[in-house]
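Quick notes on the structure that follows.
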Ligand SMILES: Cc1ncc(COP(=O)(O)O)c(C=O)c1O
């Protein structure tokens, strides 16, 4: 019979498909379609291998519980394998992950705990710490720990690498992959280097803000790739699954380029893939451009775009964050910012500033005729470091703070972060100015934050928008 005894036989063995490359691109680029694995991502391999090795070592026993903190795909891999083998699964997932991912995990019967993403590593509620606690407290609990588990890169050394070597008949010269836990690039890359006597070059594709490629670790929008560093994380520990010695180069790719790449892949090549695949393909095309037809590039496409329909493939989401430029024939919100203004840091205070310091800054703004309001967040900002949309956690205004001090509910020495009002509304730079002015007026708002590529680049108010519309 042409049939499989278990779904687990359908993990991995994914096809390679040639991508269309721009005229003049030196080398062919083949995409490894990991979304065609049984659970829909590169992480099925890792879920299966980690569970099977834990069974062998006795760390996971019959009736046991699989626990993990995961951005989603490893959760699916683990939940699918756990369901198929009869284990309970508890997954801790960030509130920043897409709703589709959470729903998928629940559909597999996993128990999902949605925790706060974006906390410093030392925080007891950091997802890793929550998962470790649950594994310890649950009888028969086993923490998969993909960030440090050697069976994560081990899965790729044992399967992804050999598949690529076989599929390309040993002709691969360059491997391009995103780096999240580092498992894919480390295991696959190591195998390919060994098989080719060190000839295959291994290139990481990394969100520009990620620390792996030299970014400062500020938040970014491509899920599951790269490494975020919270500004209050004391010691930034990189995963043991990431073997830096295997990687020859890391190319930083901006979120906009990654997201525009996957939209193009879907529309022009019929490949519906996730954001990290866009990061990897953008890097692969750059790599291929400098090569010859004798070279051969393989790029990893980790998962499907179906999980991100409400984000990366949703024009409203993209426009809101400033990833789309909008209708150029109409005045747009971003046009209200002058060049100078864009280079000025956003009126902003760190959440550890004091109320007294905030009052001084607010009075100074008022004296200059500016709206006496400041955004507040956990990140340091300055030239080249704008806060990401998610880092603007609240505001203080002169009126609100002065009243709080007057009625005794705030003292000048208090942390400003303890006296916040709701954050200012945010609008993408490409949004039409007219509709935005109408919205500000209707909601009685005097200022809004302008976002470009997900970062705050300035403030606009009704006066600036009106002036723009008059021009
Ligand atoms: C969509 C997606 N892209 C990229 C990665 C990064 O892969 P790795 O963790 O093997 O470095 C992951 C890992 O979870 C992922 O889910």
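Key figures
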| read-out | value |
| --- | --- |
| Matching residues in segment 177-201 - criterion: being part of a helix (DSSP H, G or I) and under 18 Å from residue 149 (Cα atoms) | 183, 184, 185, 186, 187, 188, 189, 190, 191 |
| Condition check for residue 164: crowded, with 19+ Cβ neighbours inside 10 Å and in a strand (DSSP E or B) | no |
| Filter pass, residue 215 being in contact with a strand residue (DSSP E or B) (Cβ under 8 Å, 6 or more places away or on another chain), modelled with pLDDT under 95 and under 28 Å from residue 429 (Cβ atoms) | yes |
| Residue check, residue 217 within 13 Å of the ligand (Cβ to nearest atom), assigned to a loop (DSSP other than H, G, I, E, B), in the same structural domain as residue 282 (by TED's automatic domain parsing) and closer than 30 Å to residue 352 by Cβ | no |
| Segment 113-146 - residue that is buried (at least 21 other Cβ atoms within 10 Å of the Cβ) and within 16 Å of the ligand (Cβ to nearest atom) and, of those, farthest from residue 232 (Cα to Cα) | 144 |
| Leading residue by the ranking (nearest to the chain's Cα centre (by Cα)) among those in segment 222-253 that are within 12 Å of the ligand (Cβ to nearest atom) and modelled with pLDDT under 90 | 223 |
| Single match in 129, 149 (criterion: within 18 Å of residue 240 (Cβ to Cβ), touching a helix residue (DSSP H, G or I) at 6+ places or on another chain (Cβ under 8 Å) and not assigned by TED's automatic domain parsing to the domain that holds residue 278) | 149 |
| Test: residue in segment 292-307 that is under 24 Å from residue 385 (Cα atoms) and crowded, with 20+ Cβ neighbours inside 10 Å | no |
| Single residue of segment 157-189 satisfying the filter (free of Cβ contacts under 8 Å to residues at least 40 places away in the same chain and under 15 Å from residue 45 (Cβ atoms)) that is farthest from the ligand (Cβ to nearest atom) | 162 |
| Residue 192 buried (at least 17 other Cβ atoms within 10 Å of the Cβ), over 25 Å from the mean Cα position of the chain (by Cα), over 30 Å from residue 393 (Cα atoms) and within 16 Å of the ligand (Cβ to nearest atom) | yes |
| Of all residues in segment 324-363 being part of a helix (DSSP H, G or I), at pLDDT below 90 and under 28 Å from the mean Cα position of the chain (by Cα), the one that is surrounded by the most Cβ atoms within 10 Å (Cβ to Cβ) | 342 |
| Scan of segment 297-311 for residues that are touching a strand residue (DSSP E or B) at 6+ places or on another chain (Cβ under 7 Å) and not in a helix (DSSP H, G or I), ordered by number | 297, 298, 299, 300, 301, 302, 303, 304 |
| Count of residues meeting criterion [surrounded by fewer than 22 Cβ atoms within 10 Å (Cβ to Cβ), assigned to a helix (DSSP H, G or I) and within 16 Å of the ligand (Cβ to nearest atom)] in segment 266-276 | 1 |
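Here's the yes/no breakdown for (1) over 22 Å from residue 46 (Cβ atoms); (2) within 18 Å of the chain's Cα centre (by Cα); (3) away from the ligand (no atom under 16 Å from the Cβ); (4) outside the structural domain of residue 189 (by TED's automatic domain parsing):
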residue: 278; (1), (2), (3), (4): no, yes, no, no
residue: 282; (1), (2), (3), (4): yes, yes, no, no
residue: 289; (1), (2), (3), (4): yes, no, yes, no
residue: 299; (1), (2), (3), (4): no, no, no, no
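The values are calculated or read from the model by the stated rules, or taken from the named source; none is laboratory data. Predicted, not measured: the structure shown is a model, and the values here were computed from it. Because the Cβ atoms are built from the backbone with ideal geometry, glycine has one as well, and the counts that use them run over all protein chains shown.
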